[in-house]
Ligand code: ADP
């Protein structure tokens, strides 16, 4: 099963994705984690993406689609993947659909983790204190939320129109949200 997690920065996709991955035994694929590793290791991809990420902007569709193709070609991804924050623009949604279709697959379920702006700003400020991510500084957070509203929010409507999107209330404890996500999957 291919499951896509959508939601604003700070919605808890990474945390919930890891729990889903454990529960379902499917690998989790996060472009954010993959890009951060590339930056740390100083690979050509990391060198190219670093400044864009640190400013809070989206990395280009071309780069992301290349990363997605590479990931889906791996044997570990052959039986379905949990896509965590992987699709952030309409061209990316179209690109993923195309790559999966060529493999006889499709996104089976989309879980949209919904959180109010007020909660997001609080969570991202708290994470800055713990993880010291460059893109959690206040200016980059504003840019990330703007990128989300302008480029990623339309993706929610795109998937709603293509079927299979479930909204999850992502305010609550990790266990509560995880429970909602598992129930949504059981219904899907
Ligand atoms: P968040 O969703 O909290 O902003 P992530 O760790 O998922 O954090 O992503 C960090 C950064 O990586 C993004 O701000 C963006 O620069 C880049 N990125 C990750 N995935 C994508 C994507 N699908 N398209 C464009 N940029 C991406």
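The values are calculated or read from the model by the stated rules, or taken from the named source; none is laboratory data. Note that the coordinates shown come from a computational prediction; the quantities given were computed from them, not determined experimentally. Virtual Cβ from ideal backbone geometry, glycine too; neighbours counted across all protein chains shown.
Quick one: is residue 47 more than 13 Å from the ligand (Cβ to nearest atom), more than 27 Å from residue 170 (Cα to Cα) and modelled with pLDDT of 95 or more? Spell out the reasoning first.
Values: more than 13 Å from the ligand (Cβ to nearest atom): yes; more than 27 Å from residue 170 (Cα to Cα): yes; modelled with pLDDT of 95 or more: yes.
Yes, satisfied.
Mind telling me which of the residues 155, 142 ends up being under 16 Å from the mean Cα position of the chain (by Cα), at pLDDT 85 or above and either over 28 Å from residue 2 (Cβ atoms) or surrounded by 12 or more Cβ atoms within 10 Å (Cβ to Cβ) (or both)?
On the way: 142 fails: under 16 Å from the mean Cα position of the chain (by Cα).
Checking each option against the conditions leaves just 155.
What tally of residues in segment 15-44 results from selecting those that are near the ligand (Cβ under 7 Å from one of its atoms) and either in a helix (DSSP H, G or I) or at pLDDT below 95 (or both)? Step through it out loud before you land on a result.
Step one: of segment 15-44, the residues near the ligand (Cβ under 7 Å from one of its atoms) are 30-33, 35-36.
When the remaining residues are screened for being either in a helix (DSSP H, G or I) or at pLDDT below 95 (or both), the result is 31-33, 35-36.
Matching residues across segment 15-44 total 5.
Any chance segment 103-114 includes a residue that's within 13 Å of the ligand (Cβ to nearest atom) and either crowded, with 19+ Cβ neighbours inside 10 Å or in a helix (DSSP H, G or I) (or both)?
Looking for residues that are within 13 Å of the ligand (Cβ to nearest atom) and either crowded, with 19+ Cβ neighbours inside 10 Å or in a helix (DSSP H, G or I) (or both), one finds at least one in segment 103-114, hence yes.
Read through the list (1) within 10 Å of the ligand (Cβ to nearest atom); (2) out of contact with any helix residue (DSSP H, G or I) (no Cβ under 9 Å at 6 or more places or on another chain), then give the number of the only condition that residue 76 fails.
(1)
Please count how many residues of segment 124-134 are at pLDDT 80 or above and buried (at least 16 other Cβ atoms within 10 Å of the Cβ).
Matching residues across segment 124-134 total 1.
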